[in-house]
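Heads up, the thing below is written out as structure tokens.
The values are calculated or read from the model by the stated rules, or taken from the named source; none is laboratory data. Given the structure is predicted, the values throughout are model-derived calculations rather than measurements. Counting neighbours? That spans all protein chains shown, and the Cβs are built from the backbone with ideal geometry, glycine included.
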């Protein structure tokens, strides 16, 4: 059992996925879009159909820039604001929640446990909702892969990505994110996305290299429960231009989600189980189940 209860922001994410079959996150990087620019981007995103505003970045998204930008975003939107922390310094009390992430394929213990130890007391003191999140870098990884010294999962190796995601779930993650990095030239293969989802029973969000509504729809159809988009929204233009672009993405994501829901899951061919059950010679599972059932019934009789 996880050490923290499901909070309002996490429940909201689950409710949107359950209702729509998909969810769209808009990522605001205060280092690239500080203050009024970030707030305008957030409002345009939400008015265009984004369900959640994420705030974070690999470098520079901290201190007064982070605090002030999140405060200004809060004045403009009425959806959850969730931190996508790049390090222990990228935490602010003005957000609703934070991904409490462990980077599953980093080469450094810092990103697996040390930074979490540093950040946990701060998050508790600030009263921010933590969302236990397994974070996996897919090649090319871009800036986040470089900063975190990750060993990126090859974009065509769905088996490796799926095993890593499953390990994160077993370790207590309640959400999985695979990320090819901000500005990735292309997204991971659809087979990889399908493979990851085939092993999970928790929300799975994909990010990196999603540039068009068609790509967004294909990723949801492949199995992802949500998409987070940052670079695709970082365009020059006024409020109406940005809102229009986000609306096109949101329409594609929601249509794919509804279609997937109607069809009861993946629209692509389901991936075969990647992790086979261990077969022990001479082991009869039916006898074991019968033993425990008999034992359970005998306990009831004694009561």
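Odds and ends about this structure:
- Meets criteria (free of Cβ contacts under 8 Å to residues at least 60 places away in the same chain, surrounded by fewer than 24 Cβ atoms within 10 Å (Cβ to Cβ) and in a helix (DSSP H, G or I)) for residue 160: yes
- Residue match in region 76-96 (condition: in a strand (DSSP E or B), closer than 30 Å to residue 263 by Cβ, in contact with a strand residue (DSSP E or B) (Cβ under 6 Å, 6 or more places away or on another chain) and in contact (Cβ under 8 Å) with a residue 24 or more places away in the chain): yes
- Of all the criteria given as (1) surrounded by 22 or more Cβ atoms within 10 Å (Cβ to Cβ); (2) under 18 Å from the mean Cα position of the chain (by Cα); (3) not in a loop (DSSP other than H, G, I, E, B), the one not satisfied by residue 57 is (3).
- Any hit, region 171-181, residues being part of a helix (DSSP H, G or I) and touching a strand residue (DSSP E or B) at 6+ places or on another chain (Cβ under 7 Å): no
- Of all residues in region 204-221, those satisfying the criterion of being in a loop (DSSP other than H, G, I, E, B) and touching a helix residue (DSSP H, G or I) at 6+ places or on another chain (Cβ under 6 Å) are 210, 211.
- Sole residue being buried (at least 24 other Cβ atoms within 10 Å of the Cβ), modelled with pLDDT of 95 or more and either touching a strand residue (DSSP E or B) at 6+ places or on another chain (Cβ under 7 Å) or over 22 Å from residue 41 (Cα atoms) (or both), chosen from 220, 202: 220
- The set of residues from region 9-32 being assigned to a helix (DSSP H, G or I) and touching a strand residue (DSSP E or B) at 6+ places or on another chain (Cβ under 7 Å) comprises 9, 10, 13, 16, 17.
- If you go through region 60-75 and pick out every residue that is crowded, with 22+ Cβ neighbours inside 10 Å and not in a loop (DSSP other than H, G, I, E, B), you end up with 4.
- Some residue of region 33-46 being assigned to a loop (DSSP other than H, G, I, E, B), within 25 Å of residue 119 (Cβ to Cβ) and touching a residue at least 60 places away in the same chain (Cβ under 8 Å): yes
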